[in-house]
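Notes to accompany the following structure.
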Number of protein chains: 6
Amino acid sequence: MYSVTVRDHVMIAHSFQGEVFGPAQRLHGATFVVDATFSGRELDQDGIVVDIGRATAELRSVLADLDYRNLDDEPAFAGKNSTTEQVARFVADRLAERIGDGALGAGARNLAGLTVTLHESHVAWASYERTL
Amino acid sequence: MYSVTVRDHVMIAHSFQGEVFGPAQRLHGATFVVDATFSGRELDQDGIVVDIGRATAELRSVLADLDYRNLDDEPAFAGKNSTTEQVARFVADRLAERIGDGALGAGARNLAGLTVTLHESHVAWASYERTL
Amino acid sequence: MYSVTVRDHVMIAHSFQGEVFGPAQRLHGATFVVDATFSGRELDQDGIVVDIGRATAELRSVLADLDYRNLDDEPAFAGKNSTTEQVARFVADRLAERIGDGALGAGARNLAGLTVTLHESHVAWASYERTL
Amino acid sequence: MYSVTVRDHVMIAHSFQGEVFGPAQRLHGATFVVDATFSGRELDQDGIVVDIGRATAELRSVLADLDYRNLDDEPAFAGKNSTTEQVARFVADRLAERIGDGALGAGARNLAGLTVTLHESHVAWASYERTL
Amino acid sequence: MYSVTVRDHVMIAHSFQGEVFGPAQRLHGATFVVDATFSGRELDQDGIVVDIGRATAELRSVLADLDYRNLDDEPAFAGKNSTTEQVARFVADRLAERIGDGALGAGARNLAGLTVTLHESHVAWASYERTL
Amino acid sequence: MYSVTVRDHVMIAHSFQGEVFGPAQRLHGATFVVDATFSGRELDQDGIVVDIGRATAELRSVLADLDYRNLDDEPAFAGKNSTTEQVARFVADRLAERIGDGALGAGARNLAGLTVTLHESHVAWASYERTL
C-alpha cells in the first residue's frame, strides 16, 4: 500500500457544549495543523498515488471554508461540537466528495482510503480515517 | 475510525542484558516522549473519542510510576529488558486497565484500540498496538 | 551565556482591527505554542540557570490568564490588537514581574534576559526579547 | 503488534516525465528524510523487535546507493519516475531482501511488515507499506 | 526586540567544487526548508513587526527563482558553490532589497535585521544574519 | 554573520544533588538531542563556515565520551551536577578545544562563536554560547 500526505493549517474560534469540556466551554480557538493522507494499492502511470500539487490545492480549498472563522456560526457544525475529531471528519468527507467529483484527476481513481489528522497543539491531535 | 493522541514524557535510567545491545549494556538512560493514541469507531454524544484532559491525566498517572527512576530496580521489568518496546507495552497495558476500570468515563466504552509510541530520540522510536 | 527554555501552549479566540489583516479581521483563533527562554551569564550553586520545574509552573500560571479565552474581551489587550507579537510581549513582561517578585528563587537573580516565542502554526512564529 | 522505526536521510537530484509534474519536470532535487518501520507480533528473547543499531546500519547501507546521486542516471529507476512513492518502495524492497538474507539477525525472523516513509519537505511525505 | 518568522521551502539540484565536499561533488539535490526572520525594535500602529501574509508572499516570490532548478546553471551562483550558507545569504539579500523597495509596506520601515535559516535535513541547517 | 548547525544525540544516566531537583535527585536518565552551532563572519574559499561532515564527526567524537554512561561516575562532572546546562558547556568547551587543535581545518579559522543546545525533552532545552 502506498500513501501520500500533504499538510496545511487553519485558525478558528469555537466553544463547546458539555461539562466534560471544563474551561473549553468558553469561546476560545485553535490552530489546526491538518495532514491529509491519500492511500492507494497501485501507482498510476506517472508513478504517483496522487499529484502533491493538486492534493495541496484541494485541501486548501476545503480548509478555506473554515479558515479565520468562528465554527459556532458554521452550519456544518450546527447542533454538534466542532471538536478536533468532528472537524477531522468534516475535512475528510469534503475531500472524499471532491475525489469522487474528479478534482484529483484520473490517478485518484485508484485511491483506497483517506486519513485526516488535525494537530491542535504539540501535545494533542486527532484523526479520522475512512475508505473511498 | 476516529483516534485521539496525547503526548507526555518520562526520564529514566536503565541497562540491558544481551550482547546485541553493545554499549547499551552499561547503565545509561533515556527521555521517552510518549504518545498514547485512543481509537474508536463512533464518537460519544459530546462529539469526542475520549476527553483530552482526562486522557492526559491518566497517561501522566501511569508514567508517574516510571518517571525519574532506574527501571533496573522496578518489579515491572524484573527478569526482562526495559527496552523501548517493553516500556511501550507496559504503558499501553496499564492504560487499558484504567480504561476498563472506568477512569476515562463513559465515552471510553466505545474505544476499539490503543497504541503507545515511545520516541527515544529524534531518530528512533517504538510502538505497541493492542485492542481494547 | 547559558539559557534554559520551557514550552507550554494556550488556545485563544480573537479578531484584529486593520485592513492589513484581511480575513483575520473576523473572529477566529489560535493555538500558541509558547517557548520561554531564560538567560544568565553564570549558573547558581546547583548548576542551573533556573529550575525547569519552577519555570514551567510560572509559565503555566501566566498562560492560565489567557487560556481558553477570547482575547478581544481581555483588559490587557484593550485598544490594541492581540497579535502574536503583542501576546509574546505580554507573556514576557508578566514573567519578568514574577522573576522580580522572587517566584523563580535565588537562582533567578543571575538572569540577564528573557525571550518568549509564540508559534501560531508550523509555518509562522513571533518572539519578544527583553533584558531583566 | 510491536514496531520499531529508525530515521536517516539522502540528498538526491532528479527530474520527472509527465505534464502533471509542472515545474518538477525540470532537473531539481530533494532531501528525503527516511523512516523505516519494522513490525512484529512478538518480541525476541532480548525484548526487541529488531536491534536499533543494526536496523540503522542496514538502512544506511541501502540509502548509500542513492545518496548524493542523480536518480535520472540510476538503473533502478530506468523507465520510470523516481517519485517519492517509488523511492519509498525501492528502499522498502531492498530492506526486505536484506532481512531475508539474515542481515538483521534472528530477531528479524518474527517480523510481519515493513513501512518506509520519505519526507520530502515539512509539508509533504509518502509511504510504502508491505508484508515480509 | 520583536521578531516574526515565516517558513517555506524549495527543492533544488546542485553540485559542489572542492575536495572537502567528498561525494557532494557529484550532482545531487536538497530540499531547503527556509525560515525568514524579520526583527524590529518597535511594533507599527497595527501591533505587528511585519504582516505575516505579505512576508510569506515575498519569501515565496524570492524562492520561486530557485525552486525546481539546478543551481549549477543559475547566474546568481556562477563561480561559487551554492552551499546552504550561500543560498541563505542569497535569500536574505533579495528579501532586503524588496524591503528597501517597500514591498513589505510602511510597517517594515522599523525593521532592524533579517535572518534566513535553511534546513537541509533533520540534522543540519545554516543561517545568514544581516542588518537592514 | 553565518552559522552552521549539526545535530546528534546521547543517552545517559545521572542523579542530582540539591532539594530544588525534587524527584530528579533519584538516579534517572535522559536522551539529550544535541545541536552544535558554529558561527563565522566570513565564508572560506569553498563557500562554507565549516564542513558539515567534519563538524558532525567532531561532535560525535565529543559525545562518544558521554554516550551510554552514568554521568555520576564521570570525572568531568565530579563535584558538580551534570545538569543540561553543565553538559551543554562541557560539549561546547570540548568542541572549542578541537577547533583550536585544527580538527575542523582551515575553514574553522574564521569561526567567531559556538553554541551548544541540549534538548532534554519536547518541552525543555538548554544552551551554552561562547566565543572562539
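The values are calculated or read from the model by the stated rules, or taken from the named source; none is laboratory data. Fair warning: this is a prediction, and the values are worked out from it, not measured in the lab. Backbone-built Cβ (ideal geometry, glycine too); neighbour counts: all protein chains shown. Ligands, DNA and RNA are stripped out before the accessible areas are found, and what is left, the full protein with its side chains, is counted by its heavy atoms. Shrake-Rupley method; radii C 1.70, N 1.55, O 1.52, S 1.80 Å.
Mean per-residue shielding of peptide C:86-94 is 1, counting Cβ atoms of other chains within 10 Å of each Cβ. The accessible surface of the protein assembly as shown, taken with every protein chain in place and a 1.4 Å probe, is 43 percent carbon and sulfur. Between the Cα long axis of helix E:84-100 and the first principal axis of chain E there is an angle of about 30°, rounded to the nearest 10. Of all DSSP bridge pairs formed entirely within the protein assembly as shown, close to 95 percent run antiparallel. The mean count of C-beta atoms from other chains within 10 Å of the C-beta of residues in C:76-83, rounded to a whole number, is 2.
Summing both sides, the accessible surface hidden between A and B at a 1.4 Å probe radius is close to 1400 Å². Spatially, the stretch E:1-41 and the stretch D:51-98 are offset by 24 Å when compared through their Cα centroids. In sequence order, the stretch E:59-73 has phi-based couplings of 4, 4, 5, 5, 5, 4, 6, 10, 5, 6, 10, 8, 5, 4, 9 Hz under the Karplus curve 6.51 cos²θ - 1.76 cosθ + 1.60, θ = phi - 60°, and Gly or Pro positions carry x.
Note on the stretch B:22-65: Cα convex hull, mean projected area over all directions, 5.0 nm². In terms of Cα atoms, the Rg and Dmax of chain A work out to 15.6, 53 Å. Taken residue by residue and averaged, Cβ atoms of other chains lying within 10 Å of the Cβ of C:42-51 number 6.
Ligands, DNA and RNA are left out, and with a 1.4 angstrom probe the accessible area of chain D is 38 Å² per residue. The relative contact order of chain D, computed from alpha carbon pairs under 8 Å that lie at least 6 residues apart in sequence, is 31 percent. Within the straight-line cut-off of under 20 Å between alpha carbons, the aspartates and glutamates reachable from D:LYS80 are A:GLU42, A:ASP44, A:ASP46, A:ASP51, D:GLU19, D:ASP65, D:ASP67, D:ASP72, D:ASP93, D:GLU120, D:GLU129, sequence neighbours fewer than 8 places apart in one chain being disregarded.
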